[in-house]
Amino acid sequence: MRHPYQKFIQMEVIGLVLSFLCGITALITGWIILLFVAVYLLVVSIVCDAIILMQTRRQSEAMKQAIRAFVLFLLITSMFFQL
C-alpha cells in the first residue's frame with residue numbers, strides 16, 4: 001500500500017537532491033545561473049513540504065513553510081533581476 005502523499009514526498013526529496021547537485025556544480029564551475037536554479041529547486045521542496053503539512057492538518061507549520069518559500073522566492077527573483 002502506498003502512502004497517500006508519496007508523490008509530494010518524492011517531489012520534495014528529488015527537489016532537495018537536485019538542489020544539492022546544482023549547488024555543488026555551481027560552486028565548482030562558477031555558473032551563477034545554476035545557483036539560482038538550486039535555490040528555486042529548494043523553494044519547490046519547501047512548497048511540497050508545506051502541502052504535505054497542510055494535508056496532514058498541521059496548518060501553522062504549513063503556513064510557516066509557505067511563507068518561507070514565498071520570501072525565498074521573492075529574494076532570489078529580485079536578485080536575479082538585479083544582475
Can you tell me the relative contact order of segment 27-83? Whole percent, Cα pairs under 8 Å, sequence separation 6 or more.
35
Find how much the distance from THR29 to MET54 grows on full extension, using 0.36 nm per residue of separation minus their present alpha carbon separation; answer in nm with one decimal.
5.2 nm
State the label only: which of (i) 32; (ii) 23; (iii) 63 corresponds to percent of Cα pairs over 22 Å apart computed from the shown model?
(i)
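Taken together, the values in this text are just the output of simple stated rules run on the coordinates, not laboratory data. Owing to the predicted nature of the structure, the values given are computational and were not obtained by experimental measurement.
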